[in-house]
Amino acid sequence: MKCMTKVGRNLLVAAVLTAVSGSFNLSVMAEDPVQPALTRPEMKQRLEALRQRQSRLPLPPPTEAEIASGRSLVNNGRLRSLYLPTSWTSFVIAGWGRGSAARATAGGTTALLNALQAQPDYAFKTRVFWVVSRANDCQYCLGHQELKLRRTGMQEDQIAALDGSWDLQPPSERAAFAAARTLTLSPHRFGTAETGPLLAEYKPANLIDVLYTISRYNAVNRWTSATGIPQDQSFGGDDHPALDTPTSAQFAAAESRVAPRKPEQRPDWESRDQYLAHVTSARTRTPLVPLPDSATSAAVLAGDTPGMVPPNWFRALSGLPVAVDAWAQRQARVREGESPLELRLLIAWVTARENRAWYAAEHARLRYAAGGRDTAPLDSFATLEAAVSPAWAEALRFARKLTSAPQTIGDADVARLREHFNERQTAEIIDSTADANAFDRFTESLLLPLEL
């Protein structure tokens, strides 16, 4: 008989404990369960158990200086500040990072949450974040959204209904939730079934905001789940708020309609000729909604980059308050960082090909080629993997897995990265993959015409 895997042994132990006691302690489960929790009670147990895990990158306790500063001490923000360039650390989501909410961080997490909750669409976007996080099985983010939704006044059964019982939600939210799930799990399948209801419910500027928000939350999930951040012990002034609260009988046995049953196998990459055909089509396609005109977008950008003709991805963003921050961060990702820029360009190529994001893929390919680099190995993942060093091949395999099946990233995946890269480089590889996944989803869901 072949040796049983670690996951198999843990599942066997869990089954035995279930048979004996009717329940089991998640601490005996595999540290990185591949199968998402399908019922709400099991999901809550995992959220609570996350407080006990060890971060995959060292996360020391807050220093006296950090505590005295009054800044937010949320584990996610602390890990980003420890390992990423300062110019990368904002998630550039409305209300986060350098915007109005950032000015509230002097009062810690409570002040930050109060500032966020003052935004009129905060509760809606938090519900969208919950759906995205459930689809990605990102337990750190799910825990935060559960607590945030409580603060908005949502009751337990209302939160439980987000797991697929959307009948009582207004049509606009149902459309956003359905789009969030598909764009999260299967961006290569995102199409008219999702965009039709969105177009019926949202004006162009609002629709751009919704798709941008879904895309950026996919980046947040990939960062927090891959780095294995432990859940925070306090939240918004509450010390150790319970995450494994009771679930009503109505939802206790109901299985999730949002969480994936198993990772979807992405198709093999298209041939070079097929890829070029997609790119040719992308140059002449009509965007999902009218974009702000170039002159207006250029005026928005003028304070940062005068005289710049904005690319279409910035034109789409230019009506949002985060537009200039997003531009500055994207430029910083090229100029700064301890990991090799060429590797980060290849990561962007891999994620775009996996996600069938033609606009993003051609941007990545041309930026890679601009250094005089040979693009022939880019035609398939196998040829690319064979053309680079073992260390870079490991990073590209990691990026591919984090793109297509983030819920399956485990301790061993990050440990293999750390055999080749230091802690800061490892963090940058994870964050570059996460950011590229957001760019892929935003640009392709909007069918942005390729301007190159």
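Read-outs: derived from the displayed coordinates by stated rules, not from any lab. Since the model is a prediction, treat every value here as computed from it, not as a measurement. No Cβ is skipped: glycine too gets one built from the backbone with ideal geometry, and neighbour counts run over all protein chains shown.
For the chain, go through all pairs of different Cα atoms, get the mean of 1/r, take its inverse, and jot down that Kirkwood value in Å.
22.7 Å
Can you bin every Cα-Cα distance in the range 64-252 into 10 Å intervals starting at zero and give me the percent of pairs per bin, rounded to whole numbers?
8, 35, 37, 17, 3, 0
Kirkwood hydrodynamic radius for the range 143-287: how many Å is it when counted over pairs of different Cα atoms?
Taking every pair of different Cα atoms in the range 143-287, averaging 1/r and inverting gives 18.3 Å.
Past the 25 Å Cα-Cα mark, which pairs from 44/203; 44/148; 44/125?
Pairs exceeding the cut-off: 44/203.
Can you give me the distance in nm between label points at residue 203 and residue 330, each placed 7 Å from the Cα along the Cα-to-Cβ direction?
Going from the residue 203 label point to the residue 330 one covers 2.4 nm.
Mind listing the Cα extents of the range 325-452 along all three principal axes, in Å, largest one first?
Over the range 325-452, Cα extents along the principal axes are 40, 32, 28 Å.
Among 241, 226, 278, whose Cα lies farthest out toward the positive end of the dipole of the chain, if unit charges sit on the beta carbon of Lys, Arg (+1) and Asp, Glu (-1)?
Comparing the listed Cα positions along the dipole, 278 ranks first.
Only residues of the range 270-298 count here: report those whose backbone N is under 18 Å from the spot 7 Å along Cα→Cβ of residue 447, or say none.
Residues 277-292 qualify, since their backbone N sits under 18 Å from the label point.
Show me, bin by bin at 5 Å from 0, the whole-percent P(r) of the range 220-313 based on Cα pairs.
2, 8, 7, 8, 10, 13, 12, 11, 11, 10, 7, 1, 0
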